[in-house]
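Everything below concerns the one structure shown next.
The values are calculated or read from the model by the stated rules, or taken from the named source; none is laboratory data. Bear in mind the structure is a predicted one, so any value in this text is a computation, not a measurement. No Cβ is skipped: glycine too gets one built from the backbone with ideal geometry, and neighbour counts run over all protein chains shown. Heads up: the accessible areas ignore ligands, DNA and RNA and are worked out on the full protein's heavy atoms, side chains in. Shrake-Rupley method; radii C 1.70, N 1.55, O 1.52, S 1.80 Å.
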Amino acid sequence: MDSQVEDLHRRITRWFAGNARELPWRDAERTPWGVLVSEIMLQQTPVARVLPVWTEWLQRWPTPAGLASEPSGEAVRAWGRLGYPRRALRLHAAAKAIVEEFAGKVPSTYPELLQLPGVGDYTAAAVAAFAFGRRETVVDTNIRRVHARAVTGNALPSPSLTAAEMRLAASLLPLDTSDSVAWNASVMELGALVCTARSPRCQECPILDRCAWVAAGRPEAHYTAKGQAWAGTDRQVRGAMMAVLRSAEGPVRRELLLHAPVDLAGPELAAELDPLGTLHRLQAPQEQMERALAGLIADRLAAEDANGVSLPL
């Protein structure tokens, strides 16, 4: 490996040693299960939102067996407002697979981790590296952005992961196993705290004088990154319905979900009042309300029987 790459390794890992956030899934007492839960929760969700939910999950379900013994609906309820609640179902399914196929222990290798429901290339590599200290090429959005700017001179990585980006990441990975784990964590943290998508803090970067993007005059991105809409979308309606189901102590009548009650202050609605009011204040069209509910049931995030709609059993 050439001296320039080794210099990147030294600078970034040294920066990480002095600037890394103290996160429980990095703690010396972390468990592989805790790392797996964190990786699933952190997908498209900021650390600040994940921390309290992750803590509650690990207190309630410190092992995969604990979660696997509960109905999937409890996983969805405990997921709270992290968003993309199908991740909760995948974690529950992964916990059951760990119990049934791996004697209750999170598998330690990349190929084995890929066998778990809901675990893809990134998550398998990240858990193998951060939970078991294995040499794996870990590539998330933060890492891709650092590589794009520091090495290729682009403001942003490609809109989706490319084979060229994977080759670049593999070529930059230290040969030493422990160094590779530190490198993965360090570059990821640099992207999260300094080399951010918007308003990067270049003056705090340990490789400012080596950054190809800075050397090129910080050119604009070759495409415009588009954020996901929220207001008025099916996702917003689904999220509001899920909030009603999570707060309810039992099944909720279909008509309560689809039609605003005449009197939201009635005593029989006390448990669901705030979430139900939030749902109906969206004033979503009837067709969208029905589509959202049907989607939740189809995705197994909700179940319906003669008593009404509830979280899955």
Worksheet item: Only one of these conditions is not met by R81: (1) more than 29 Å from A212 (Cα to Cα); (2) modelled with pLDDT of 95 or more; (3) under 18 Å from the mean Cα position of the chain (by Cα). Which number is it?
Response: (2)
Fill in: Pairs, first of a type in the set (V, I, T) in the range 214-238, second open to solvent by less than 60 Å² (accessible area, probe 1.4 Å), C-beta under 6 Å, six or more apart
V237/A284; V237/Q288; V237/A292
Worksheet item: Any chance the range 38-50 includes a residue that's more than 30 Å from E304 (Cα to Cα), more than 16 Å from the chain's Cα centre (by Cα), open to solvent by 30 Å² or more (accessible area, probe 1.4 Å) and of a type outside the set (A, V, I, L, M, F, W, C)?
Response: no
Discussion item. Going residue by residue through the range 102-117, is there one that turns out to be among the aliphatic types (A, V, I, L, M) and closer than 27 Å to C195 by Cβ?
Written reply: no
Discussion item. Please count how many residues of the range 272-311 are buried (at least 17 other Cβ atoms within 10 Å of the Cβ) and hydroxyl-bearing (S, T, Y).
Written reply: 1
Worksheet item: What are the residues in the range 51-62 that are open to solvent by 70 Å² or more (accessible area, probe 1.4 Å) and not in a helix (DSSP H, G or I), if any?
Response: P62
Practice prompt. Give the number of residues within the range 232-257 that are over 9 Å from L279 (Cα atoms) and either outside any helix (DSSP H, G or I) or open to solvent by less than 10 Å² (accessible area, probe 1.4 Å) (or both).
Written response: 10
Discussion item. Going through R21, R11, R30, R81 one at a time, which residue ends up being assigned to a helix (DSSP H, G or I) and surrounded by fewer than 19 Cβ atoms within 10 Å (Cβ to Cβ)?
Written reply: R11
Item to complete: Taking V119 as meeting all but one of (1) at pLDDT 95 or above; (2) in contact with a Phe, Trp or Tyr (Cβ under 7 Å, 6 or more places away or on another chain), write down the number of the exception.
Response: (2)
Response to the item:
Reported set for the range 1-52 where residues are among the acidic types (D, E) and either under 28 Å from R90 (Cβ atoms) or in the same structural domain as P107 (by TED's automatic domain parsing) (or both) is E22, D27, E29, E39
Fill in: Of the criteria (1) out of contact with any Asp or Glu (no Cβ under 8 Å at 6 or more places or on another chain); (2) crowded, with 16+ Cβ neighbours inside 10 Å; (3) without any contact (Cβ under 8 Å) to a residue 24 or more places away in the chain, which one S72 fails
(3)
Worksheet item: Which ranges mark the helices (runs of 4 or more DSSP H) fully within the range 101-215 that have 3 or more residues being over 23 Å from W25 (Cβ atoms) and open to solvent by 60 Å² or more (accessible area, probe 1.4 Å)?
Response: 163-172
